[in-house]
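Every read-out reported here was derived from the displayed coordinates using simple, explicitly stated rules and does not represent laboratory data. Owing to the predicted nature of the structure, the values given are computational and were not obtained by experimental measurement. Glycine gets a Cβ as well: all are built from the backbone with ideal geometry, and neighbour counts include every protein chain shown.
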Amino acid sequence: MHILQFFPGYYVIITILDIMNIRESLSELRKTKEIKQKDIADSIGVERSKLSRFEKGEVNIPIEKIELYAEYLGMELRLLIKK
């Protein structure tokens, strides 16, 4: 479980299920935009292989890296959380 502050005084608890939904959404959006994993991995500071394994649900990456991934794709992480 992660706690993120989206605005001053506004916090959201992100569960494992949220991370799974976010992972799927980011992966689909990346493929739709035809962006290579390597480009995103280089931009957010993770290895391409780790990003690939994250997208497959095999490993997790820090929530801060997930936020950067979303930003790279032009999305806000809070919009990807299905509440």
Q: Starting from the Cα of LEU73, step 7 Å along the direction of its Cβ; do the same at ILE35; then give the gap between the two resulting points in nm.
A: 0.8
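State to the nearest 20 debye the size of the charge dipole of the stretch 28-70 about its Cα centre, where the only charges are +1 on K and R beta carbons and -1 on D and E beta carbons. Before the final figure, lay out each step's value.
On the way: 10 positive and 9 negative charges, 35 e Å.
Computed about the Cα centre, the dipole is about 160 debye.
If the chain between SER43 and ASN21 were fully stretched, how many nm would it gain, using 0.36 nm times the residue separation less the Cα-Cα distance? Present the calculation step by step, with values, prior to reporting the outcome.
Values: separation 22, 0.36 × 22 = 7.92 nm, distance 2.19 nm.
Length difference between fully extended and current span is 5.7 nm.
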Q: Report the normalised scattering of the stretch 16-80 as log10 I(q)/I(0) at q = 0.13, 0.18 Å⁻¹, calculated by the Debye formula with identical scatterers on the alpha carbons.
A: -0.27, -0.54
Q.
I need the phi-derived Karplus couplings for the stretch 19-31: 6.51 cos²θ - 1.76 cosθ + 1.60, θ = phi - 60°, integer Hz, Gly and Pro marked x.
A. 4, 4, 5, 4, 4, 5, 5, 5, 4, 5, 5, 4, 5
